[in-house]
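Below is one structure, written out as structure tokens; comments come after it.
The values are calculated or read from the model by the stated rules, or taken from the named source; none is laboratory data. Bear in mind that the values here come from a model prediction, so they are computed numbers and not experimental data. Ideal geometry is used to build each Cβ from the backbone, glycine not excepted, and the neighbour counts take in all protein chains shown. These accessible areas exclude ligands, DNA and RNA; they are computed on the full protein's heavy atoms, side chains included. Shrake-Rupley method; radii C 1.70, N 1.55, O 1.52, S 1.80 Å.
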Amino acid sequence: MTAKRLLLLGPPGAGKGTQAANLIKLLGIPQISTGDMLREAVASGTPLGLSAKAQMDAGQLVSDEIVIGIARDRLLKDDAKRGFILDGFPRTVVQAEALDELLEQSGVSLELCVSLTVDEEELVERLLKRAEIEGRSDDNEETIRTRMSEYRAKTEPLTRYYDKKGTLREVNGLGLVHEVADRVEKAIGGRP
Ligand code: ADP
């Protein structure tokens, strides 16, 4: 059976967004990206966006409270009932516990955490390239380093969290996009 309640985990630049785009086509379920939702809030100047902007621009994590709130609202929408691909949430153990609790209230659980692994030098190179193309305000070298260290300190422990539950699948994120996509498909149990 193909898993349909999924988390894509990995450092900034690991290709979570790219792989999520492939999976939404394959599985017909929504991608839920807290990074995208936060950028939208910043762009439309909502109070939530205003309070998150400084942390995002500095490469630091936005508070658990804010992020858990937006993820919860999104997960409760109808289209997430058939499944979802979480991209960039949870990013701390506190967020992971909140997610488990939230799903439990709906009588479901996260089926798999697919962790994309890529070495740091490759990541920085990818992110600097993305900075040129997309002009994201947090894709400069100093902020990238901060995002990496935030990842190692606060997000990487999630691999142990999901490994203990037996739901972790590590996937090599190096190679062509379609090669990585094939590995991800295998990790989630193949095509539906
Ligand atoms: P990346 O490409 O670095 O993985 P994202 O687009 O997922 O970036 O997120 C961009 C920024 O948004 C993060 O650096 C952080 O400030 C904020 N953010 C996104 N998701 C979360 C989260 N789950 N918890 C805390 N902060 C978050």
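Considered as a group, the residues in the stretch 135-183 that are hydrophobic (A, V, I, L, M, F, W, C), open to solvent by less than 80 Å² (accessible area, probe 1.4 Å) and within 20 Å of Gln19 (Cα to Cα) include one that is nearest to the chain's Cα centre (by Cα), and that residue is Leu158. Look at (1) charged (D, E, K, R); (2) in contact with a helix residue (DSSP H, G or I) (Cβ under 7 Å, 6 or more places away or on another chain); (3) open to solvent by less than 60 Å² (accessible area, probe 1.4 Å) and you find that Arg91 fails only one, number (3).
Screening the stretch 40-56 for residues that are small (Gly, Ala, Ser) and open to solvent by 50 Å² or more (accessible area, probe 1.4 Å) and picking the one that is farthest from the ligand (Cβ to nearest atom) gives Ser44.
Taking the listed residues Glu65, Glu125, the one that is open to solvent by 50 Å² or more (accessible area, probe 1.4 Å), away from the ligand (no atom under 11 Å from the Cβ) and not aliphatic (A, V, I, L, M) is Glu125, with no other qualifying. Gly59 falls short of the stated requirement of being open to solvent by less than 60 Å² (accessible area, probe 1.4 Å), under 29 Å from Arg145 (Cβ atoms), more than 17 Å from the chain's Cα centre (by Cα) and of a type outside the set (A, V, I, L, M, F, W, C). Here Ile70 meets each of (1) open to solvent by less than 50 Å² (accessible area, probe 1.4 Å); (2) in contact with a Lys or Arg (Cβ under 9 Å, 6 or more places away or on another chain) with one exception, condition (2).
Residues in the stretch 107-118 that are open to solvent by 10 Å² or more (accessible area, probe 1.4 Å) and either in contact (Cβ under 8 Å) with a residue 12 or more places away in the chain or basic (Lys, Arg) (or both) were compared, and the one that is nearest to the ligand (Cβ to nearest atom) is Val118. Is the stretch 106-116 home to any residue that is within 14 Å of the chain's Cα centre (by Cα) and part of a loop (DSSP other than H, G, I, E, B)? Yes, the conditions are met somewhere in the stretch 106-116. Within the stretch 8-39, the set of residues being within 11 Å of the ligand (Cβ to nearest atom), more than 14 Å from Phe84 (Cβ to Cβ) and open to solvent by 40 Å² or more (accessible area, probe 1.4 Å) comprises Thr18, Arg39. Against the conditions (1) among the basic types (Lys, Arg); (2) touching a residue at least 60 places away in the same chain (Cβ under 8 Å); (3) surrounded by fewer than 14 Cβ atoms within 10 Å (Cβ to Cβ), Arg130 satisfies every one except (3).
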